[in-house]
């Protein structure tokens, strides 16, 4: 599975690099300029791999996935630099200035906003380093490799890229519009921009309608912790009564194996584990068995049944074994869920209180309610009962009548059932205590125990049954505690729907039961839902802080409160494409998708900063607001489209990947992919319009910028 995941992401990474280089050539229409940009890729990747090796990091699904996400971002800064060098080389083809001086001037013009843009993206990924538990272990490597790649890109842009740009970019007196693709872009974009600038409020209204429409789709998007990774295997946790012994459990598990192997040709092997050492991390008694079922490669195409269909058929087959409650998962998912939360299922209702009978009564009410909710499967109550013991209650009046002490009764029963020392045997220097007690079958027989004779002080014997009441009663086999409070769990898996809507519906239906609980008793929700809530709560705290840092960076870069606010105001518009992508691709909102939205904010800010800083620069040179906006949009449309296209094509292979491991990356990639499209429209249309609304050409108006460099 690990190798398959690495192959999937490595293939997507290789294809992404090829697509990025092709886009560079098509848009620049200059193989030498394209190579000057493309050289940043191997330098960046080499930097990342060297640091990973130095720090002992492994090349896994998430760390390599970070490089897939970063492919387009890595070339953003080199694209802006090389494109500006190319433009200056064309404009100054007939001048006496040297190539180095032209390249230096072009770099000084864009390097400040470009570096600030990279720093802002780095800030955007800070929230990922605050994630905890499973989500932290998964996404911190991704965030780290993205950050390392961006740092490598900055190093390449400040060193080798300018040198190559000054040497390799052609110095020819040709127009930018000589490129067929660029000419087509200008022919479409400039009239649209002119119309939007004439009807500013109408443009803003249309954008607002799109934004409201997109956000109105959010209630229809499912919620989950993380997408399920297809492990190519099935794990079945079989729970029996707590009184089940190791021998009986093992025999029953063997029968299950034989039945499944004979019925399902898709199964390659089955490995069963019954019980486990009672270590603190993962105890499991002999009444539990884990059946790990390995499926044959390409089983679905060979035998025509999906994994979901196989699970349903296996569930029906195991119904023939009485006294068992199977729960289905996957081997890695099963162990991870149990180690993190102690719960093997997707969702769990945890009931807290002091009286086990009250907890059990509540659980028996909750279980049928959960079973009646669409998508619920493998509903079960934590097995705490089923353990029987003999209870002996003293009849104090009878004891007093015969003048027998309670301690005499305790000693007799303890000796008969638990054993007591009858005598001592000596063999040379060795000493052995001889213990006596009833045979095993008689220790469980109430009648035999009741017939034991108890001597009285008067010298006669009385049967024990006349002095005490003997009963066999059922008691809890185990009592679980959490936060020093007794706890009972009702758990289930969720199939065919998202976890968020399932829990919302379950909470609504269980509210009457919860409100009817005695004082001191409460419910809480566990399993993957608990993990999802924890991760989202952490992001809700950290992301606003990151946005505040972004604003400070924007203000520092632009030296303008208005311009910084203008870019931030547009952030809600940038997520429209991400929302539409996961809605129409039927992807649930998970931690992975949320991280995609976080990354998207960084890209949107980067594009906005590049455009707004250039507009401010032109205004600082004396151009009027309208002219500066039009000129900046005309000159920056090509690099903005290039940076967006390179990121899009870099993500495209992972978006359509179907191999192992693609399930985790796809929500993140889909959000960024869709969001980049809406972000590009935002940058090229909405930001120019808002800039005109925010700024006016008036006598004495302060220019809201400072000269770059």
Problem - Filter pass, residue 185 being on the phi < 0 side of the Ramachandran plot and in contact with a strand residue (DSSP E or B) (Cβ under 7 Å, 6 or more places away or on another chain) - result: no
Practice task
Filter the range 228-269 for residues that are farther than 20 Å from residue 493 by Cβ, in a strand (DSSP E or B) and in contact with a helix residue (DSSP H, G or I) (Cβ under 8 Å, 6 or more places away or on another chain) and give the result.
Solution key: 267
Practice task
Go through the range 1-65 and tell me which helices (runs of 4 or more DSSP H), entirely inside it, have 2 or more residues that are at pLDDT 75 or above and farther than 25 Å from residue 641 by Cα.
Solution key: 40-55
Problem - Options 683, 646: the member that is assigned to a helix (DSSP H, G or I), at pLDDT below 80 and either touching a helix residue (DSSP H, G or I) at 6+ places or on another chain (Cβ under 8 Å) or under 16 Å from residue 189 (Cβ atoms) (or both) - result: 646
Practice task
Could you please let me know if residue 81 is under 28 Å from residue 556 (Cα atoms), assigned by TED's automatic domain parsing to the domain that holds residue 45 and assigned to a helix (DSSP H, G or I)?
Solution key: yes
Exercise for the section: Looking only at the range 59-67, decide whether some residue is crowded, with 17+ Cβ neighbours inside 10 Å and over 32 Å from the mean Cα position of the chain (by Cα). Expected result: no
Exercise for the section: Answer yes or no as to whether residue 524 is at pLDDT 85 or above, part of a helix (DSSP H, G or I) and at negative phi. Expected result: no
Practice task
Output the number of the condition that residue 585 fails; it satisfies all remaining conditions of (1) surrounded by fewer than 20 Cβ atoms within 10 Å (Cβ to Cβ); (2) modelled with pLDDT under 85.
Solution key: (2)
Problem - Conditions (1) in a helix (DSSP H, G or I); (2) at pLDDT 80 or above; (3) over 21 Å from residue 26 (Cβ atoms); number of the one not met by residue 635 - result: (3)
Completion exercise
Scanning the range 440-457 residue by residue, those touching a residue at least 40 places away in the same chain (Cβ under 8 Å), touching a helix residue (DSSP H, G or I) at 6+ places or on another chain (Cβ under 8 Å) and in a loop (DSSP other than H, G, I, E, B) turn out to be 452
Problem - Spans of helices (runs of 4 or more DSSP H) in the range 330-404 with at least 2 residues exposed (fewer than 15 other Cβ atoms within 10 Å of the Cβ) and modelled with pLDDT of 80 or more - result: 356-371, 396-401
Exercise for the section: Just give me the residues in the range 539-575 being at pLDDT 80 or above, within 29 Å of the chain's Cα centre (by Cα) and assigned to a loop (DSSP other than H, G, I, E, B), in sequence order. Expected result: 575
Handout entry: Failed item in (1) closer than 17 Å to residue 71 by Cβ; (2) without any contact (Cβ under 8 Å) to a residue 24 or more places away in the chain, with residue 151 passing the rest
Key = (2)
Fill in the blank from the handout: When (1) touching a strand residue (DSSP E or B) at 6+ places or on another chain (Cβ under 6 Å); (2) assigned by TED's automatic domain parsing to the domain that holds residue 407 are applied to residue 460, the one that fails is (1)
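The values are calculated or read from the model by the stated rules, or taken from the named source; none is laboratory data. Computed from a predicted model, the values in this text were never measured in an experiment. A quick note on method: Cβ atoms are made from the backbone with ideal geometry, for glycine too, and the neighbour counts reach across all protein chains shown.
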